[in-house]
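A.B. asks: Take this structure first; my questions come after.
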């Protein structure tokens, strides 16, 4: 039987992840059709567009190790899905959705932009700030989702600070006892 409560609490996360995945793939489709590989388009300040094909991991590190990173991403997504089901905070669920959408966007590049070998495709990057490695919408989503999880954790810690640390008179250090003994 379908648990409608679980579906309804995860719907915003699934919608956010789907929006990230679609935005990422559409923006990469645009970049591939509008930009040449060695072309640079200056937009404003340090922002420019430059088409780059990344066969490594984040920020072009580990070039040529794409299949290993793809498998690691799959494992992380499975772990997140299993443990994410226990999340009670809607902001944390939303962050998981955003991160998942970004991870799937880059994973799709590795799978569908491949030369036929296992997850060996290059990720399309095209947003260049000149002071940061060239990235894409999926990369930005993974970073933003990660920051959101950190902020949710900090807010949770502040909200719950002091809870569980109160002791009864029977649990005072002088008596050497703890609650329930």
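The values are calculated or read from the model by the stated rules, or taken from the named source; none is laboratory data. Everything numeric in this text was worked out from a predicted model, so none of it was measured. Please note: Cβ atoms are built from the backbone with ideal geometry, for glycine as well, and neighbour counts cover all protein chains shown.
A.B. asks: Could you list, in sequence order, the residues of region 103-144 that are in a loop (DSSP other than H, G, I, E, B) and in contact with a helix residue (DSSP H, G or I) (Cβ under 6 Å, 6 or more places away or on another chain)?
C.D. replies: Residues satisfying the conditions are 118, 119, 120, 121, 133.
A.B. asks: Could you tell me which of the residues 80, 71 is part of a helix (DSSP H, G or I) and in contact with a helix residue (DSSP H, G or I) (Cβ under 9 Å, 6 or more places away or on another chain)?
C.D. replies: Unique residue meeting the criteria: 80.
A.B. asks: Let me ask another. Report yes if some residue within region 147-169 is outside any loop (DSSP other than H, G, I, E, B), at pLDDT below 65 and more than 26 Å from residue 65 (Cβ to Cβ); otherwise report no.
C.D. replies: Among the residues of region 147-169, at least one is outside any loop (DSSP other than H, G, I, E, B), at pLDDT below 65 and more than 26 Å from residue 65 (Cβ to Cβ), which makes the answer yes.
A.B. asks: What's the number of the condition residue 98 fails, among (1) in contact with a helix residue (DSSP H, G or I) (Cβ under 6 Å, 6 or more places away or on another chain); (2) over 22 Å from residue 143 (Cβ atoms)?
C.D. replies: (2)
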